[in-house]
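Okay, structure first, notes after.
The values are calculated or read from the model by the stated rules, or taken from the named source; none is laboratory data. None of the values given here were measured: they were computed from a predicted structure. Please note: Cβ atoms are built from the backbone with ideal geometry, for glycine as well, and neighbour counts cover all protein chains shown.
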Amino acid sequence: MTRVIRGQTLSFPADGPPAHETRGAVVVGDDGAILWSGPHASLPPIFHQAETEDHGEMIVMPGFIDAHIHFPQYRMLAAPGKDLLDWLSRFTFPEESRYGDAAYAQQAADIFLDRLFRNGTTAALAFCSVHKVCAEVLFAAAEARGMALITGKTMMDRNAIPAVQDDPETGARESEELYTAWHGRDRLRYAVTPRFAVTSSEAQLRLAGDLVAALPGALMQTHLSESPGEIALVGRLFPWARDYTDVYDRFGLLGPRSLFAHGIHLSERECMRLSESGSTVVHCPTSNTFLGSGLMRMPHLGKPDRPVGMGIATDIGGGTSYSMLATMGEAYKVQMLAGYKPSAAELFRLATRGNAGRLGIGHETGAIEPGKFADLVVLDPQATPVLASRHELSNALEDVLFALMMLGDDRAVRATYVRGRKVHHRATA
Ligand code: GUN
Ligand code: ZN
């Protein structure tokens, strides 16, 4: 049944100012795709009789896309590690060891995906644990919800604990089996997922590179240049490498479908290679401040003569919030400390159209445009008392968005739609 969703519609074109209608409308067809959008006053007559949902003055915009999140860390936020490596060995590996159990993973997947919706996140690139069943369960749960989800079984064959390690051949075989079973099914895609250079042998990284070359359309996700201790360890484990990025480069893991979380301490040479190869660095600001990893500098990555593509993400559970609003707010603070002042529109664009493009799903989501799916979030700029009184001072869209990202979280998300279907509704803040 065709439906009309009304509200203050907002979407972020690749260039130029936001597309904004104070009294806008989005028409959604039977299959959940957007048929039309524009000012409600111009709604074509054929849609006049369609069922209408009116969100009044609230903002109706593309759902957020989380470009780096760990499903099996869904409940281990705020684990107080000394640094990344201590946090991984003390808290993370033991928690992830539970996900070999299908029943455990199943109840976790339901909580995890519903929590994304509650925060207005409609698509994600996620890590699973090392266990094949963990990825199977998450794929099935995402498919049942009609969402765009990209994930993969983590490959890790050393420097962890036995319960979360595989071996190169098993890791590669299971990854390929998962790709065959799930990649391209509905809105699902596979990502080859070597955890990071510390936990993969050279044999495993080589097989990961072979998989990326052999599996059409598969993405690749890993971590890169996050903490000083990690970088020093990678230097000891791969003494022949010029730098951390060179490790992945030697095994064919750079490229336009490769996403590297963090990228905080990258040299000029590394940025050059990431840029040339079309790779993406995903900024995870709440994780970086929480683990004390460092300040990722967007202007350094984005230098015009060798721009590195960027995304933005929560990195749950190193990150401290599921909310992409809070994540943008933290990105603003990190960039201010690094001497750069991003606009709210720039960060909102990054979290929607930008991430969609970097994840290779820009043709189906990330903007309010005919032909894309109606993956939408409805934001209330006055959701909390603090937001409401701040809103009294806002006199431009940029200011409204700025207050939302600095002060907002799941309480500002009034509704979430995936493929035109309402998957979350919040009565009041
Ligand atoms: N590096 C390797 N594994 C992880 C992880 O789970 N989280 C973060 N933040 N960094 C990592
Ligand atoms: Zn991560």
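Select, from P307, P256, the only residue that is within 20 Å of A218 (Cα to Cα), out of contact with any Phe, Trp or Tyr (no Cβ under 7 Å at 6 or more places or on another chain) and either touching a residue at least 24 places away in the same chain (Cβ under 8 Å) or more than 12 Å from ligand 1 (Cβ to nearest atom) (or both).
So the residue among P307, P256 that is within 20 Å of A218 (Cα to Cα), out of contact with any Phe, Trp or Tyr (no Cβ under 7 Å at 6 or more places or on another chain) and either touching a residue at least 24 places away in the same chain (Cβ under 8 Å) or more than 12 Å from ligand 1 (Cβ to nearest atom) (or both) is P256.
Give me the pairs: first residue in segment 272-298 and buried (at least 24 other Cβ atoms within 10 Å of the Cβ) and at pLDDT 95 or above, second residue among the basic types (K, R) and part of a helix (DSSP H, G or I), beta-carbon distance under 9 Å, and six or more apart or on different chains, which are they?
Short answer, once both residue conditions are applied: S279/R273; T280/R358; V282/R358; P285/K333.
Is one or more of the residues making up segment 209-219 out of contact with any Lys or Arg (no Cβ under 6 Å at 6 or more places or on another chain) and either within 16 Å of ligand 1 (Cβ to nearest atom) or farther than 27 Å from A181 by Cα (or both)?
There is no residue in segment 209-219 that is out of contact with any Lys or Arg (no Cβ under 6 Å at 6 or more places or on another chain) and either within 16 Å of ligand 1 (Cβ to nearest atom) or farther than 27 Å from A181 by Cα (or both).
If you go through segment 109-133 one residue at a time, how many are part of a helix (DSSP H, G or I), within 16 Å of ligand 2 (Cβ to nearest atom) and either under 16 Å from Y190 (Cβ atoms) or without any contact (Cβ under 8 Å) to a residue 60 or more places away in the chain (or both)?
1
Would you call V137 among the aliphatic types (A, V, I, L, M), over 30 Å from L397 (Cα atoms), more than 12 Å from ligand 1 (Cβ to nearest atom) and in contact (Cβ under 8 Å) with a residue 24 or more places away in the chain?
In short, yes.
Filter segment 280-312 for residues that are among the hydroxyl-bearing types (S, T, Y) and within 13 Å of ligand 2 (Cβ to nearest atom); which is farthest from the chain's Cα centre (by Cα)?
Pass one, segment 280-312, residues among the hydroxyl-bearing types (S, T, Y): 280, 286-287, 289, 293.
Right, trim to within 13 Å of ligand 2 (Cβ to nearest atom) and you get 286-287, 293.
On the way: T286: 13, S287: 13, S293: 19 Å.
Out of the qualifying residues, it is S293.
Within segment 3-74, which strands (runs of 3 or more DSSP E) (wholly inside it) include 3 or more residues that are away from ligand 1 (no atom under 16 Å from the Cβ)? Walk me through how you get there before you give the answer.
Numbers: elements: 3-11, 19-28, 34-39, 51-62, 64-70.
Of the strands (runs of 3 or more DSSP E) lying wholly inside segment 3-74, those with at least 3 residues that are away from ligand 1 (no atom under 16 Å from the Cβ) span 3-11, 19-28, 34-39, 51-62.
Being of a type in the set (D, E, K, R) and within 16 Å of ligand 1 (Cβ to nearest atom) is the filter here, so list the residues in segment 312-369 that pass it.
Listed by number, the residues that qualify are D315, E330.
Within segment 388-410, is even one residue among the polar types (S, T, N, Q), buried (at least 19 other Cβ atoms within 10 Å of the Cβ) and closer than 19 Å to H20 by Cα?
no
Anything in segment 51-99 that is acidic (D, E) and under 23 Å from the mean Cα position of the chain (by Cα)? List them, or say none. Before the answer, list the steps.
Quick first cut of segment 51-99, residues acidic (D, E) only: 51, 53-54, 57, 66, 83, 86, 95-96.
D66, D83, E95, E96, listed by residue number.
Between a residue in segment 158-175 that is among the acidic types (D, E) and any residue that is part of a loop (DSSP other than H, G, I, E, B), which pairs come within a Cβ distance under 8 Å, given they are 6 or more apart or on different chains?
D166/V130; D166/M156; D166/D157; D167/D157; E174/K153; E174/D166
Taking segment 313-328 as the search range and keeping residues that are within 9 Å of ligand 2 (Cβ to nearest atom) and of a type outside the set (G, A, S), which one is nearest to S343 (Cα to Cα)?
Out of the qualifying residues, it is D315.
Taking segment 191-214 as the region of interest, how many residues are farther than 22 Å from N355 by Cβ and more than 15 Å from ligand 2 (Cβ to nearest atom)?
13
Scan (1) of a type outside the set (S, T, Y); (2) surrounded by 18 or more Cβ atoms within 10 Å (Cβ to Cβ); (3) under 22 Å from H131 (Cα atoms) for the single condition L77 breaks and write down its number.
(2)
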